[in-house]
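Undergrad: Okay, here's the structure, questions in a sec.
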Amino acid sequence: MDVRGRILMEALHLFGSIGYESTSLQKIADAVGVTKQALLYHFPSKEALHRAVIESVFDYWRRELPVVLTNTPPGHARFHSTMGALLDFFGSDPSCARAALREMLDRPDSLSEGLRRHLSTLVRMITGYIRMGQASGRIQPELDPESYVVQVLTMVISSAAIGSVVNAIVEASDPAKQKERDRAELVRIARRAAFVPKVLEHEKE
């Protein structure tokens with residue numbers, strides 16, 4: 001990974017871990033192992049770096065999600081591929097999910113505009129597939145496609161961001177196994193909410 005990529009990665013980690021206000025350019029430079037001047041060569045200000053970090057996340061989804069949606073057949077395969085992509089992305093590094101939560105709380109107007117501008121086309125694609133599933137009788141007819149997408153995304157991000165903390169409630173003795181249990185339960189909840197019972201029964205066969 002080049003220096004610019006490492007700066008983006010460490011900035012995302014710090015923004016998610018301690019927040020935008022507590023993250024200085026010097027802290028980011030120290031984490032990358034470069035001077036502050038070298039960091040400023042790539043990003044002239046903290047705000048410019050922050051925008052680039054958010055843009056890089058949006059770019060990832062604009063690039064990857066259409067591939068997942070179009071390269072898998074409809075039904076369970078597409079559902080599992082999409083859920084897997086979401087869970088892998090946010091679960092691989094909790095700082096990304098934590099950064100997303102901080103943006104929602106600290107900069108809601110800016111994030112809302114970014115979501116509309118960058119991801120509305122992808123959301124329309126997903127809700128379109130859901131409506132096709134409803135028309136074919138595979139998806140619950142009463143399901144609200146837009147609300148379903150929002151709730152599943154909120155569930156995935158929240159679980160990745162604070163799951164390790166909340167799991168203290170159940171006194172998990174093995175964090176890695178508990179993470180897998182949490183992931184499986186998220187998939188089960190989302191699948192049960194979407195597919196009609198006869199389709200779920202057919203999946204078991």
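Undergrad: Answer yes if at least one residue in the stretch 82-105 is modelled with pLDDT of 90 or more, more than 12 Å from the chain's Cα centre (by Cα) and either farther than 30 Å from Lys198 by Cβ or surrounded by 14 or more Cβ atoms within 10 Å (Cβ to Cβ) (or both), and no otherwise.
TA: no
Undergrad: State yes or no: is Tyr148 within 26 Å of Arg181 (Cβ to Cβ), touching a residue at least 12 places away in the same chain (Cβ under 8 Å) and assigned to a helix (DSSP H, G or I)? Write out each step before concluding.
TA: Numbers: within 26 Å of Arg181 (Cβ to Cβ): yes; touching a residue at least 12 places away in the same chain (Cβ under 8 Å): yes; assigned to a helix (DSSP H, G or I): yes.
Spelling it out, Tyr148 is indeed within 26 Å of Arg181 (Cβ to Cβ), touching a residue at least 12 places away in the same chain (Cβ under 8 Å) and assigned to a helix (DSSP H, G or I).
Undergrad: For the stretch 14-22, does any single residue satisfy the condition of being in a helix (DSSP H, G or I) and either in contact with an Asp or Glu (Cβ under 7 Å, 6 or more places away or on another chain) or at pLDDT 95 or above (or both)?
TA: no
Undergrad: Among the residues of the stretch 35-77, which ones are over 17 Å from the mean Cα position of the chain (by Cα), touching a residue at least 40 places away in the same chain (Cβ under 8 Å) and within 27 Å of Arg192 (Cα to Cα)?
TA: Hits for the stretch 35-77 are Pro74, Gly75, His76.
Undergrad: Among what's in the stretch 44-63 and is under 15 Å from Ala100 (Cβ atoms), among the hydrophobic types (A, V, I, L, M, F, W, C) and at pLDDT 85 or above, pick the residue that is surrounded by the fewest Cβ atoms within 10 Å (Cβ to Cβ).
TA: Ile54
Undergrad: Still on this structure, please answer the following. Pull out all pairs, ordered by first then second residue, where Cβ-Cβ is under 9 Å, the residues are six or more apart or on different chains, the first lies in the stretch 181-201 and is under 25 Å from Ala135 (Cα atoms) and without any contact (Cβ under 8 Å) to a residue 12 or more places away in the chain, and the second is assigned to a helix (DSSP H, G or I) and among the basic types (Lys, Arg).
TA: Leu200/Arg191; Leu200/Arg192
Undergrad: Test Arg6 against the criterion of being more than 18 Å from Ala100 (Cβ to Cβ) and not acidic (Asp, Glu), and give yes or no. Before you say what the answer is, go through the steps one by one.
TA: Details: more than 18 Å from Ala100 (Cβ to Cβ): yes; not acidic (Asp, Glu): yes.
Here the answer is yes, as Arg6 does meet what is asked.
The values are calculated or read from the model by the stated rules, or taken from the named source; none is laboratory data. Bear in mind that the values here come from a model prediction, so they are computed numbers and not experimental data. Methodologically, a virtual Cβ is constructed for each residue, glycine included, from the backbone with ideal geometry; neighbour enumeration extends over all protein chains shown.
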